[in-house]
Amino acid sequence: MGNTFKTAFLLTALTLLLMFIGRVFGGQNGMLLALILAAVLNFVSYFFSDKLALAMYRAKPVTREELPRAYQIVERLIQKIGLPMPTIYVIPTESPNAFATGRNPSHASVAVTQGILNLLNDEELEGVLAHELGHVRNRDILISSIAATIAGAITYFADIARWGMIFGGYERDNDNRGGGIGALFMLILAPIAAFLIQLAVSRSREYQADETGAHFTGNPYALASALAKLDAYSKRLPLQATPSTAHLFIVQPFLGGFGGLFMTHPPIAKRIERLTGRPAEFTMQ
């Protein structure tokens, strides 16, 4: 019920924000157009946010014959957890990472990078896949996918406002009251709104998915070892991610410049400590 409320809240927030933007830049007609646009975006967010995230990283679905190692692990886990079989995707990058997405357990997908398959042993990979299935079981995949779409939309409109200022937003202030001020307001509001959306869904959900995954594998040390490896190797070979989708991944991807605002993952050392009950530096020795 909590995630259902969050989903409704985010979709409502997107609608109101777009209507506000429409009112600032286009009066009553602008607000009506924004309402129509919000309805379309809400529909896309609910039904296609997972497909958009997967397409963004060129994830390709794989069959059991193509990736028997991952399929065997997932099939073993879903019997323990009591979930339908998700679609498994591989992202063609050597940077090690993974994420789960979808609107419910019956429409779930788990994506792993080629790099994570090469880096982890079977027990560590099982820990990571159990973590991702933990997101599915905890039903937070929809809220995180919608947050990605909404945050992407907000930052997109911030770009529109920025270009509006560059190409004459201020000159029209006399004709369109507050146009330049509205654009400036959007430049401030958009990153804050996107940050708050992701902050609301990221920190606790990672801890919960860690706990769920460790519970069903019965091996928290394997997931702890995987997190330590992912943290080290992803720093050497960072995954280039968009700020609006960074919260989907099991470890924080690389976000340069302004993306620093979107660093919403808990520290890996704290996650390891919560999994094992020991400080990370002692656990991994």
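Taking the criterion of being free of Cβ contacts under 8 Å to residues at least 24 places away in the same chain and either in contact with a strand residue (DSSP E or B) (Cβ under 9 Å, 6 or more places away or on another chain) or more than 25 Å from P253 (Cβ to Cβ) (or both), would at least one residue in segment 108-129 satisfy it? No, segment 108-129 contains no residue that is free of Cβ contacts under 8 Å to residues at least 24 places away in the same chain and either in contact with a strand residue (DSSP E or B) (Cβ under 9 Å, 6 or more places away or on another chain) or more than 25 Å from P253 (Cβ to Cβ) (or both). Here segment 135-152 is the region considered, the condition is being modelled with pLDDT of 85 or more and over 17 Å from Y89 (Cα atoms), and the residue that is surrounded by the most Cβ atoms within 10 Å (Cβ to Cβ) is R137. When residues in segment 22-60 are screened for being at pLDDT 80 or above and surrounded by 19 or more Cβ atoms within 10 Å (Cβ to Cβ), 5 of them pass.
Has segment 61-82 got at least one residue that is modelled with pLDDT of 95 or more, part of a strand (DSSP E or B) and in contact with a helix residue (DSSP H, G or I) (Cβ under 9 Å, 6 or more places away or on another chain)? Checked against the condition, which is being modelled with pLDDT of 95 or more, part of a strand (DSSP E or B) and in contact with a helix residue (DSSP H, G or I) (Cβ under 9 Å, 6 or more places away or on another chain), segment 61-82 yields at least one hit. Inspect all residues belonging to segment 85-103 and state whether any of them is over 21 Å from R58 (Cα atoms) and either assigned to a helix (DSSP H, G or I) or in contact (Cβ under 8 Å) with a residue 24 or more places away in the chain (or both). Scanning segment 85-103, I find no residue that is over 21 Å from R58 (Cα atoms) and either assigned to a helix (DSSP H, G or I) or in contact (Cβ under 8 Å) with a residue 24 or more places away in the chain (or both), so the answer is no. Checking P253, P238 one by one, the residue that is at pLDDT 80 or above, touching a strand residue (DSSP E or B) at 6+ places or on another chain (Cβ under 9 Å) and over 21 Å from G127 (Cβ atoms) is P238 and no other. Candidates in segment 205-220 are the residues that are in contact with an Asp or Glu (Cβ under 9 Å, 6 or more places away or on another chain) and modelled with pLDDT under 95; of these, the one that is surrounded by the most Cβ atoms within 10 Å (Cβ to Cβ) is G213. Residue selection: E132 satisfies the criterion of being modelled with pLDDT of 65 or more, of a type outside the set (A, V, I, L, M, F, W, C) and buried (at least 24 other Cβ atoms within 10 Å of the Cβ).
The values are calculated or read from the model by the stated rules, or taken from the named source; none is laboratory data. Source: prediction; values computed, not measured. Every residue, glycine among them, receives a Cβ derived from its backbone with ideal geometry; neighbour counts consider all protein chains shown.
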